[in-house]
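J.: Just passing along the structure, written as structure tokens.
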Amino acid sequence: MSTTTPRFQTIGIVGTGAMGRGIAQIAAQAGSTVLLFDTQPDAVTQARNAVSTQWDKLVEKGRIGADAASAQKARLKPAAALADLAGCDLIVEAIVENLDVKKKLFAELEGIVQPTAVLATNTSSLSVTAIAAALKRPQQFAGFHFFNPVPLMKVVEVIAGLKTDPAVCQALAEYARQMGHTPVQAEDTPGFIVNHAGRGYGTEALRIVSEGVADFATIDRILKDQVGFKLGPFELMDLTALDVSHPVMESIYRQYYDEPRYRPSVITAQRLAGGVVGKKVGDGFYKYEGGAAQIAPVPPVPQVDDLPPVWVSTRAARRAELYQLLKDLGAKIETGQSPSPQALTLVAPLGFDVTTVAVVERLDPARTVGIDMLVDDAATKRRVLATNPATRSDMRDAAHALFARDGKAVSVIRDSGGFVTQRVVATIVNIAADMCQQRVCTPKDLETAVTLGLGYPLGPLAMGDKFGPANVLEVLFNMQTVYGDPRYRPSPWLRRRGAIGLSLMHEES
Ligand code: NAI
């Protein structure tokens with residue numbers, strides 16, 4: 001338990017479902033008296049029991065003392081009516097996600113509490129300004145957006161509506177720290193920080209699948225092994241469930257007036273309509289048995305007894321590294337101006353597809369295979385190769401066998417502008433850059449919110465720096481050419497900082 005006086009000593013929680021009870025738990029742990037109200041008769045009792053059980057477990061594990069647990073339980077009190085919340089200095093709402101119902105609740109609460117009390121909503125998709133529109137004291141109202149499960153997800157977005165007093169946000173941020181959470185400050189924009197920054201991962205992966213470039217499991221493997229994501233995008237969508245994540249994709253896309261960067265996929269719309277929503281129903285992108293995903297085995301490495309010589313395009317990304325890698329793998333490397341008629345021809349484009357590169361560089365497409373060199377070979381657990389429609393199967397197999405020679409995993413995908421990692425990383429970085437451009441939050445808060453709220457291995461700006469801002473920009477420029485799709489248009493923020501690094505801007509406010 002905290003030894004400092006909580007910034008809000010008596011708080012009310014309205015709506016004691018999954019979120020309300022989590023917020024109640026950390027508020028009581030911070031030393032506040034917490035009054036719980038819900039319209040469902042048993043909901044408050046269930047919430048108090050659930051939170052008490054959590055504390056009993058913590059006592060068993062020796063994480064908190066029995067005295068602290070009893071004191072916390074005593075601070076968690078039922079409220080039989082909204083009017084019982086009159087003495088609260090903060091009320092956090094976590095009821096049904098419906099604008100009219102929330103507006104009605106806050107109008108009623110405003111008539112009950114003291115004028116100095118702060119009212120906050122845990123909404124994840126509605127506008128804070130819109131909820132506050134009919135209030136007499138909108139300056140006392142803010143968004144306080146937690147993530148599920150609240151005690152474990154240690155970040156909270158503090159959202160200022162158009163009329164919110166900055167002191168209210170400061171008070172909520174201070175209180176969040178007392179609850180052991182990290183507050184980040186977000187402008188009142190669709191998706192705030194975490195749900196906005198999270199748009200790139202799933203939507204771009206879905207687009208790759210929709211183009212038939214690779215299957216779900218291959219994309220998951222590539223992104224986990226090349227970038228370090230804990231879960232692949234399809235594993236993540238299965239866990240979140242499409243009845244939750246598809247409406248979020250649609251809502252943010254629509255709220256931004258059909259901005260192509262956020263365009264959802266017909267794949268998830270159809271799966272949602274068919275009830276194939278994810279792990280909780282045992283059927284999603286993967287099928288689940290006993291809670292475990294059933295994953296098809298990885299295709300074996302082809303057996304190739306006599307590997308052809310290899311010629312590397314003069315325009316390959318990270319060409320020196322690719323040469324060294326080929327040497328380490330024991331390849332017969334050709335160093336002539338052009339490949340011999342027997343040579344396997346390797347290209348390593350950024351953003352362009354293998355077919356275009358083969359044609360532009362006047363290479364024989366039948367012998368041309370691409371490799372994704374955006375990723376540093378020493379830092380990746382998987383190499384990704386791409387064929388083009390003309391690639392001969394013996395050349396594909398030779399490339400696969402060669403790059404698997406040292407035991408590293410290899411995935412072979414079909415041709416597309418950008419490889420899986422290039423596309424997904426560039427999209428994530430570009431959306432984050434655009435959020436900085438729009439001043440949704442500071443670059444620093446963006447990185448904090450994404451690492452804590454989405455569990456990415458790096459913040460998106462640090463990710464951009466890791467892969468090279470100039471490389472990310474090149475991927476986007478070239479993909480825009482390949483696809484003619486404004487979705488890949490680089491954000492002005494990224495264009496300006498492409499040459500000088502993104503993390504440098506962390507100090508910018
Ligand atoms: P839930 O369905 O688990 O709980 C909602 C509770 O509110 C229920 O107990 C219900 O009886 C009660 N309720 C409904 N209308 C009420 C009213 N007018 N007055 C008092 N109580 C009322 O929902 P959950 O998941 O806890 O979500 C609550 C809010 O938190 C929503 O606004 C949601 O968008 C937001 N949120 C949810 C997240 C999640 O992952 N579940 C994450 C972040 C925010």
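J.: So is I95 in a helix (DSSP H, G or I) and buried (at least 17 other Cβ atoms within 10 Å of the Cβ) or not?
T.: On the way: in a helix (DSSP H, G or I): no; buried (at least 17 other Cβ atoms within 10 Å of the Cβ): yes.
The answer is no for I95.
J.: Identify the residue in the range 136-181 that is β-branched (V, I, T) and in contact with an Asp or Glu (Cβ under 9 Å, 6 or more places away or on another chain) and, among all such residues, is surrounded by the most Cβ atoms within 10 Å (Cβ to Cβ).
T.: Of all residues in the range 136-181, those β-branched (V, I, T) come to 150, 155-156, 158-159, 164, 168.
Restricting the remaining residues to those that are in contact with an Asp or Glu (Cβ under 9 Å, 6 or more places away or on another chain) gives 159, 164.
Details: I159: 27, T164: 24.
The selected residue is I159.
J.: On to the next question. Kindly indicate the residue of the range 410-467 that is over 13 Å from the mean Cα position of the chain (by Cα) and aromatic (F, W, Y) and also nearest to H400 (Cα to Cα) among those meeting that condition.
T.: F419
J.: Okay, next question. Given (1) away from the ligand (no atom under 16 Å from the Cβ); (2) more than 29 Å from F467 (Cβ to Cβ), where does Q255 come up short, assuming only one miss?
T.: Unmet for Q255, out of (1) away from the ligand (no atom under 16 Å from the Cβ); (2) more than 29 Å from F467 (Cβ to Cβ): (1).
J.: Something else: Can you confirm whether K104 is in a strand (DSSP E or B) and surrounded by fewer than 19 Cβ atoms within 10 Å (Cβ to Cβ)? Break it down stepwise before answering.
T.: Details: in a strand (DSSP E or B): no; surrounded by fewer than 19 Cβ atoms within 10 Å (Cβ to Cβ): yes.
Here the answer is no, as K104 does not meet what is asked.
J.: A follow-up question, please. Go through (1) surrounded by 12 or more Cβ atoms within 10 Å (Cβ to Cβ); (2) in a loop (DSSP other than H, G, I, E, B) and name the single condition Q303 misses.
T.: (1)
J.: Can you pull out every residue in the range 345-366 that is more than 21 Å from L473 (Cα to Cα), surrounded by fewer than 24 Cβ atoms within 10 Å (Cβ to Cβ), among the aliphatic types (A, V, I, L, M) and in contact with a strand residue (DSSP E or B) (Cβ under 7 Å, 6 or more places away or on another chain)?
T.: L363
J.: Does V213 satisfy the criteria of being of a type in the set (A, V, I, L, M), farther than 21 Å from T451 by Cα and assigned to a helix (DSSP H, G or I)?
T.: no
J.: Hey, among the residues in the range 44-83 that are more than 16 Å from the ligand (Cβ to nearest atom) and among the polar types (S, T, N, Q), which one's surrounded by the fewest Cβ atoms within 10 Å (Cβ to Cβ)?
T.: T53
J.: Moving on to the next point. Restricting attention to strands (runs of 3 or more DSSP E) lying wholly within the range 318-429, give those where 3 or more residues are of a type in the set (V, I, T).
T.: Details: elements: 344-347, 368-371, 382-386, 409-413.
Counting at least 3 such residues, we get 368-371, 409-413.
J.: Only one of these conditions is not met by K230: (1) farther than 25 Å from V482 by Cα; (2) assigned to a helix (DSSP H, G or I); (3) in contact with a Gly (Cβ under 7 Å, 6 or more places away or on another chain). Which number is it?
T.: (2)
J.: Can you pull out every residue in the range 132-157 that is assigned to a strand (DSSP E or B) and within 14 Å of the ligand (Cβ to nearest atom)?
T.: Residues of the range 132-157 that are assigned to a strand (DSSP E or B), as a first pass: 141-145, 155-157.
G143, F144, H145, V155, V156, E157 - these are the residues of the range 132-157 that are assigned to a strand (DSSP E or B) and within 14 Å of the ligand (Cβ to nearest atom).
J.: Another one. Would you point out which residue out of V92, V96, V128 is in the same structural domain as R48 (by TED's automatic domain parsing), out of contact with any helix residue (DSSP H, G or I) (no Cβ under 6 Å at 6 or more places or on another chain) and closer than 15 Å to T16 by Cα? Please lay out each step first, then the result.
T.: Numbers: V92 fails: out of contact with any helix residue (DSSP H, G or I) (no Cβ under 6 Å at 6 or more places or on another chain); V128 fails: closer than 15 Å to T16 by Cα.
Exactly one of V92, V96, V128 is in the same structural domain as R48 (by TED's automatic domain parsing), out of contact with any helix residue (DSSP H, G or I) (no Cβ under 6 Å at 6 or more places or on another chain) and closer than 15 Å to T16 by Cα, namely V96.
J.: Return yes or no: is V472 free of Cβ contacts under 8 Å to residues at least 60 places away in the same chain, aliphatic (A, V, I, L, M) and touching a helix residue (DSSP H, G or I) at 6+ places or on another chain (Cβ under 8 Å)? Lay out the reasoning, then the answer.
T.: Numbers: free of Cβ contacts under 8 Å to residues at least 60 places away in the same chain: yes; aliphatic (A, V, I, L, M): yes; touching a helix residue (DSSP H, G or I) at 6+ places or on another chain (Cβ under 8 Å): yes.
So V472 passes the test.
J.: Continuing with the same structure: Please indicate, with yes or no, whether at least one residue in the range 262-271 is at pLDDT 95 or above, closer than 30 Å to Q25 by Cα and in contact with a helix residue (DSSP H, G or I) (Cβ under 8 Å, 6 or more places away or on another chain).
T.: no
J.: Let me ask something additional. Could you look through the range 28-43, keep only residues that are outside any loop (DSSP other than H, G, I, E, B) and farther than 17 Å from L109 by Cβ, and pick out the one that is nearest to the ligand (Cβ to nearest atom)?
T.: A43
J.: Still on this structure, I have one more. Quickly run through the range 72-107 and pick out the residues that are under 18 Å from Q9 (Cα atoms) and either in contact with a Pro (Cβ under 9 Å, 6 or more places away or on another chain) or at pLDDT below 95 (or both).
T.: Residue satisfying the conditions is D84 alone.
J.: Let me ask something else about it. Condition first: in a loop (DSSP other than H, G, I, E, B) and within 31 Å of the chain's Cα centre (by Cα). Now tell me which residues in the range 107-129 satisfy that. Reasoning before the result, please.
T.: Start the filter on the range 107-129 by keeping residues that are in a loop (DSSP other than H, G, I, E, B), which leaves 113-117, 122-127.
If the condition is that a residue be in a loop (DSSP other than H, G, I, E, B) and within 31 Å of the chain's Cα centre (by Cα), then N122, T123, S124, S125, L126, S127 are the ones that fit.
J.: Still on this structure: How many of the residues in the range 85-131 are within 8 Å of the ligand (Cβ to nearest atom) and of a type in the set (D, E, K, R)?
T.: 4
The values are calculated or read from the model by the stated rules, or taken from the named source; none is laboratory data. Since the model is a prediction, treat every value here as computed from it, not as a measurement. Ideal geometry is used to build each Cβ from the backbone, glycine not excepted, and the neighbour counts take in all protein chains shown.
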